[in-house]
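Let me begin by presenting the structure, written as structure tokens, before commenting on it.
The values are calculated or read from the model by the stated rules, or taken from the named source; none is laboratory data. Predicted, not measured: the structure shown is a model, and the values here were computed from it. Every residue, glycine as well, gets a Cβ built from its backbone with ideal geometry; the counts of neighbours run over all protein chains shown. Surface accessibility is based on the protein's heavy atoms, side chains included, excluding ligands, DNA and RNA. Shrake-Rupley method; radii C 1.70, N 1.55, O 1.52, S 1.80 Å.
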Amino acid sequence: MTQTDDRVRSILYVQYAAPGVYPPIERSARIFKQHGWKVRFLGVRALGQSAKLISSLHSEDDIEYHVHTPGGLRALRSYLRFWWRAWQRVRREKPDVVYLSDALSYPAGWLISLTCRAITVQHEHDTPLVLSGLHRLIAPFRKRFIRRADLRINPQADRLRLVQETTGCGEIRLVYNCPSVTELPPDRPFADKTDGLVLWHHGSLGAGRLPLTIIDALADTPNDVRLEFAGYETVNTKGFVDSVLTRARELGIEHRVTFHGAMRRDALYAAASRAHVGLSVFVRKFAEPMVGATNKPFDFLGCTMALLVNDTAEWSDFFGAHGVAATCNPEDSANIAAVIRGLYEDRARLADMATEGRRLIETDWNYEAQFAPVLAELTALVDKRAR
């Protein structure tokens, strides 16, 4: 799918966040560039630990960073300037497509959809929580923009249906948050991995995503079973890493738990590729359904790992049914330990799960395959309007 004439298709990503913090944004932008589109960004510079995660997929010349000013009325004025700047850029540059993917950008998207000719895309990575202050103020714009957007995308089937039911919108594209084929580390034969059994977890960190029952279970497994994890704490999970390391120390297994900190994606995948089992274990009462939306299990499979996931239908019907995951009760450390010991003792099963998982990533669960229908639809819409 390439340009059919001398005119270059163009897209402007608008989000009140750093573009590089969201892997799906980087991946879709790369796909557009590969197909000859001109890609630009308007975002907010990342702060804290998450700033370390921004990749170098895009040159600084592609990105305009808005300066966020925290604190009450100053934050509101800063936000309104961003809204105005987004509208100005669309009016001046006339991009074919404006791509908005966080709740704080939706009011700007709604205004752009009303007053500009650009095609608008609404891509919701996470369902926004209605909080106090600014979030409560802009919440009504979410429904309005979803209903007006030319194309809507959601990474999770249950969330997608809920959006349709609550907004009365039309079709929503389902696009899983998978790695790009260009990001995958070399396929490492499972037999060449390190000795023992390495459990791995990465991404945003918190007790909901890596329950402390995992540490309790680790103490009840062979001495050469280890846990390695990487990533960053969020505003709401400060102190989580210390709680993990403290629990390991209390159990006398601190030498079997390693925290790598926040890492760039290439280094992250290289480290993950040495592990055997990726932990995608969420607490029972997590905020919302996660299968398809969370990058973690797809990342782990791309690094030739087997998965350990929840024993609920949401997880077992998806990953378990494909033969790439073992399941456990995330609130029962004894059950988790028993499942890990079973994987430790059955290397052939582990290898089969890891190999099949890597195959699925290469063929179906990669962002190029997932995003292909969106690319085709947007290309057709742009070309139709240009005629």
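Residues checked against (1) of a type in the set (A, V, I, L, M, F, W, C); (2) touching a residue at least 40 places away in the same chain (Cβ under 8 Å); (3) open to solvent by 20 Å² or more (accessible area, probe 1.4 Å); (4) under 27 Å from R27 (Cα atoms):
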residue: V67; (1), (2), (3), (4): yes, no, yes, yes
residue: Q88; (1), (2), (3), (4): no, no, yes, yes
residue: P95; (1), (2), (3), (4): no, yes, no, yes
residue: T115; (1), (2), (3), (4): no, no, yes, no
residue: F141; (1), (2), (3), (4): yes, no, yes, yes
Name the one entry in S316, S280, S333 that is open to solvent by 10 Å² or more (accessible area, probe 1.4 Å) and within 22 Å of the chain's Cα centre (by Cα). S316
Counting just the residues of the range 150-170 that are over 22 Å from the mean Cα position of the chain (by Cα) and closer than 19 Å to L375 by Cα, which one comes out surrounded by the fewest Cβ atoms within 10 Å (Cβ to Cβ)? G170
Filtering the range 47-75 down to residues that are of a type in the set (A, V, I, L, M, F, W, C), at pLDDT 65 or above and assigned to a loop (DSSP other than H, G, I, E, B) yields V67
Among the residues of the range 173-195, is there at least one that is among the charged types (D, E, K, R), at pLDDT 90 or above and surrounded by fewer than 18 Cβ atoms within 10 Å (Cβ to Cβ)? yes
Hits in the range 347-387 (condition: outside any helix (DSSP H, G or I) and modelled with pLDDT of 95 or more): D364, W365, N366
